[in-house]
1. Please work out the Cα center distance from the stretch 247-319 to the stretch 4-65, rounded to the nearest Å.
2. Of all accessible surface on the stretch 147-202 at a 1.4 Å probe, what whole percent is carbon and sulfur?
3. Leaving out ligands and nucleic acids, note down the accessible area per residue over the chain with a 1.4 angstrom probe, in whole Å².
4. Just want the answer: with Cβ charges of +1 for Lys and Arg and -1 for Asp and Glu, which residue in Asn121, Phe264, Gly15 is farthest toward the dipole's positive end in the chain?
5. Helix 60-70 versus the longest principal axis of the chain: what angle, 0 to 90°, nearest 10, using Cα atoms?
6. Whats the longest run of the chain with zero GluC sites (Glu not before Pro) that are DSSP loop and have at most 12 other Cβ atoms within 10 Å?
7. Are any of the pairs Lys35/Lys250; Lys35/Lys70; Lys120/Lys340; Lys250/Lys294 more than 20 Å apart by Cα-Cα distance, and if so, which?
8. Where the eigenvalues come from the Cα gyration tensor of the stretch 102-247, what are the semi-axes √(5λ) of the equivalent ellipsoid, largest first, in whole Å?
Amino acid sequence: MEKRQVSVIGRGIVGLAIAQVLHEQGWQVTLVGPKSVPGAASRAAVGTSTLKGNIVAQNPFFGLKIAGHKGLRRWLERLERLSNHPIPRNFDGAFEPFPNLAAYRHIRERVFHRQFTGCKNVAVLDHQGLSQRFPQQSRILDSAMGAFHYFEDLWFDPSACLDALEIYLRSSGVLFHEELVERITPANDLGLLICLNDGQMIRSNEVVLATGVFGNDILERSGFPDIRQDLFEGETITGSLTVSDQFVLKIGKINLVVNGPNFFYGSSSRHQTALSFCAPNEQFVSQLRQEAEKIITPPASIASLWGIRGRFKSRVPGVGSVVFPGPMPRRLWLALGFYKNGLQLAHLFANNLARLMDNSTLVSTGFPQPIADIRPS
């Protein structure tokens, strides 16, 4: 029996996870696009997946975030076995220090949404408990009265995870095309043509567009100008320390991860501007560096990462399909708009999209796909 053929455009966490699932379900998969593009979000992420103690779904999408988060451990362990490539990770939870009683009350209200809804996956450490947990990190203790401990939150190294996915897919026979995509157009007979920047064309029975914010321009050039994500950008600084330790801190909207002698600190998000589209914002990089030096042992070296993320108005990822108009309509599959949740949700939505593709006659042509039609694995 001939394999179903699909091309996945995009080599971030979402595109690679979709390629993995479709390959394992028997599709002949081709991955299209370069490994790294300036501004790509996945390799610039800190790598935390945090629910901040929440176990109650506030809405259907939050329920999916909980499901995606809870499945990460098993997914990472399996991926590490399949690729024989280590993925550094930390499942000891995240800590959110508070300097005074007012800060404690503010965090408590946010965690419990101003109402007590039952036991959450959270505990509170006093100063003595923090001293026992962070014996080498005096700077953390100096300004902390205590900390919330979200003991099911986690971290994994995004770049190592992406490398493991690529190693596994290449060893499994998945084809890779390194060129950038210009546009997608219906083929004369059946399927779609992927037009590359160098003039080449790839014919594919099915196409999945999973290029993050770069999907905006591809969709516009392909005849779908009304499908656009809002763009947000953020920086992460990373480097090495003279003291080896392991922990994850939440500091407002910023995450600090120390993994052995290495650290990751970031990544705040703000609306992207045309002037900053081609490089990190040095003002924010400098600010992050100064903040990190106040919290942890002075870094021995520092580098910066930078990425742009996309979000739809609904704040829900767009997973579904659009149809090219014409006498022989062709479907283009989309997996975009994951914003800050790509690392957390990629493996879950990859399975969801695969199910939609298996039952394409049941899928509406609207976009994004209604959330009610997307269920956890």
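The values are calculated or read from the model by the stated rules, or taken from the named source; none is laboratory data. Model, not experiment: these values are computed from the prediction. Here the Cβ positions follow ideal geometry from the backbone for every residue, glycine too, while neighbour counts run over all protein chains shown. Each accessible area value is taken on the protein alone, full model and side chains, heavy atoms only, with ligands, DNA and RNA left out. Shrake-Rupley method; radii C 1.70, N 1.55, O 1.52, S 1.80 Å.
1. Using only Cα atoms to place each centre, the spacing works out to 20 Å.
2. It is 52 percent, rounded to a whole number.
3. 45 Å²
4. Of the listed residues, the answer is Asn121.
5. Roughly 70 degrees, rounded to the nearest 10.
6. Longest gap between qualifying sites, sites excluded: 179-377.
7. Violating the 20 Å limit, Cα to Cα: Lys35/Lys250; Lys35/Lys70; Lys120/Lys340.
8. Over the Cα atoms of the stretch 102-247, the ellipsoid semi-axes are 48, 22, 15 Å.
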